[in-house]
1. Among residues belonging to region 156-176 that are of a type in the set (D, E, K, R) and over 20 Å from residue 90 (Cβ atoms), point out the one that is farthest from the chain's Cα centre (by Cα).
2. Could you tell me how many of the residues in region 116-167 are of a type in the set (Val, Ile, Thr) and under 16 Å from residue 104 (Cα atoms)?
3. Could you please find all residues in region 176-230 being free of Cβ contacts under 8 Å to residues at least 40 places away in the same chain, part of a loop (DSSP other than H, G, I, E, B) and away from ligand 1 (no atom under 16 Å from the Cβ)?
4. Residues 124, 53, 76: which one is of a type in the set (A, V, I, L, M) and in contact with an Asp or Glu (Cβ under 9 Å, 6 or more places away or on another chain)?
5. Just checking, does region 35-42 include any residue being crowded, with 20+ Cβ neighbours inside 10 Å and not in a loop (DSSP other than H, G, I, E, B)?
6. Which residues, counting only those in region 141-170, are buried (at least 22 other Cβ atoms within 10 Å of the Cβ) and among the small types (Gly, Ala, Ser)?
7. Of all residues in region 43-64 being within 11 Å of residue 7 (Cβ to Cβ) and either surrounded by fewer than 22 Cβ atoms within 10 Å (Cβ to Cβ) or among the polar types (S, T, N, Q) (or both), which is nearest to ligand 1 (Cβ to nearest atom)?
Amino acid sequence: EVHLSTKNLSYTYPDGTHALKNINMDIYKGQKVAIMGPNGAGKSTLFSHFNGLTEPTSGHVEVDGKAIKYDRDTLLEVRQKVGIVFQDPNDQLFAPTVKEDVAFGPMNLGLDYEEVERRVDEALTMVGMEQYMDKTPHHLSGGQQKRVAIAGIIAMRPEIMILDEPTAGLDPEGVEKVLDILDNLNKEGMSIVISSHDIEMVNEFAEKIFVLNNGEILESGDKHEIFSNK
Ligand code: ADP
Ligand code: ADP
C-alpha cells in the first residue's frame with residue numbers, strides 16, 4: 001500500500017533554479033527508504049514537499065492516496081502524519097530543557113498535560129535520553145541532540161518519519177544508536193525516509209533507494225539492484 005508518493009513533481013525556486021524535475025516516487029507503508037545524492041541534488045527541496053511546507057510548481061504529492069491541498073486544515077492533518085527531523089538539531093531544539101523541547105510538538109496538537117507527559121516520557125525512553133530530561137539541549141553532544149530531535153517528532157506519533165542526514169557528523173556508536181531507534185520505529189509500523197551520503201549506512205538501513213542528481217531520479221530500486229551496479 002502506497003503511503004507517500006509524488007506525481008510528476010517539479011519545483012523551481014523564484015530565482016529560476018530547477019531544483020526538482022518531474023519526480024515520480026512511491027513509498028510504501030512500513031518501508032525503509034533512503035534518498036542518496038550529492039549536495040545540491042534536491043533532497044532538502046524534496047523533503048520540504050513531503051509535509052506540505054513547499055507547494056510544487058507542478059505535479060503533486062499524495063499522502064495515503066490523497067493529494068495534499070495547501071489549506072490550513074489539510075496541512076495540519078498532513079503534518080501530523082508526516083514528521084520531519086531536520087539535519088541540524090539547532091534548527092529544531094530551542095527550549096531551555098530537553099523535556100520542554102520534546103513536549104513542544106504534542107502541546108501544539110492540543111493534547112492535555114498528562115498525555116503530553118506520557119508521550120514525552122515514552123519518546124525519550126525510546127531514544128535512550130530519559131535521564132537527560134532536565135538538561136539544556138545545547139549542552140548535549142551532537143548524537144544526543146539528534147536523539148532528542150527524533151524524540152520530539154516521535155512524540156507527535158507520525159505515521160511517516162522523514163530524516164535529513166540523520167547520522168551526519170555522528171561517531172560510529174551514535175550512528176548505531178540512531179539506526180536502532182529507526183529500526184524499532186519501523187518495527188512498530190512507521191514508514192521511514194532518510195537522506196544520506198553514507199553508502200555503508202544506507203546499505204545497512206534501507207530496503208529501497210532512490211538516487212537523486214541535479215533534480216532528477218537517476219535510478220531507484222532495492223539496495224541489491226542499486227549497489228550491484230557500482
Ligand atoms: P540537497 O538537499 O540535495 O543538497 P537542495 O534541495 O538544498 O539540495 O538544493 C537543490 C538545488 O536548489 C540546488 O541547486 C540549490 O542550490 C538550489 N536551492 C536550494 N534552496 C534554494 C533557494 N532558497 N533558492 C534558490 N535555489 C535554491
Ligand atoms: P543541504 O545540502 O543540507 O540542503 P544547502 O547548503 O543546500 O544545505 O542549503 C542550506 C540553506 O541555503 C537552505 O536553507 C537552502 O534553501 C539555502 N540555499 C541553498 N542554495 C541556495 C541558493 N542557490 N540560493 C538561495 N538559497 C539557497
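The values are calculated or read from the model by the stated rules, or taken from the named source; none is laboratory data. From a predicted model like this one, the values you see are computed outputs, not experimental measurements. With ideal geometry, Cβ positions are generated from the backbone for all residues, glycine too; neighbour counts draw on all protein chains shown.
1. As a first pass, look at region 156-176 and keep what is of a type in the set (D, E, K, R): 157, 159, 164-165, 171, 173, 176.
After this cut, where a residue has to be over 20 Å from residue 90 (Cβ atoms) as well, the list is 157, 159, 173, 176.
Numbers: 157: 13, 159: 11, 173: 21, 176: 17 Å.
This residue is 173.
2. 7
3. 188, 229, 230
4. Numbers: 53 fails: in contact with an Asp or Glu (Cβ under 9 Å, 6 or more places away or on another chain); 76 fails: in contact with an Asp or Glu (Cβ under 9 Å, 6 or more places away or on another chain).
Sole residue among the options that is of a type in the set (A, V, I, L, M) and in contact with an Asp or Glu (Cβ under 9 Å, 6 or more places away or on another chain): 124.
5. The initial filter retains those residues of region 35-42 that are crowded, with 20+ Cβ neighbours inside 10 Å, namely 35-37, 41-42.
Narrowing the set further to residues that are not in a loop (DSSP other than H, G, I, E, B) leaves 35-36.
Yes, region 35-42 has at least one match.
6. Those that are buried (at least 22 other Cβ atoms within 10 Å of the Cβ) and among the small types (Gly, Ala, Ser): 149, 151, 152, 155.
7. Just the residues of region 43-64 that are within 11 Å of residue 7 (Cβ to Cβ), to begin with: 56, 58-62.
The next check asks that each one be either surrounded by fewer than 22 Cβ atoms within 10 Å (Cβ to Cβ) or among the polar types (S, T, N, Q) (or both); those that pass are 56, 58-60, 62.
Numbers: 56: 13, 58: 16, 59: 16, 60: 18, 62: 20 Å.
In this case the residue turns out to be 56.
Residues are listed down the side, and each one gets a yes or a no for (1) at pLDDT 95 or above; (2) under 21 Å from residue 84 (Cβ atoms):
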{"position": "126", "(1), (2)": "no, yes"}
{"position": "133", "(1), (2)": "yes, no"}
{"position": "139", "(1), (2)": "no, no"}
{"position": "157", "(1), (2)": "no, yes"}
{"position": "170", "(1), (2)": "no, yes"}
{"position": "190", "(1), (2)": "yes, yes"}
{"position": "197", "(1), (2)": "no, yes"}
{"position": "203", "(1), (2)": "no, no"}
{"position": "229", "(1), (2)": "no, no"}
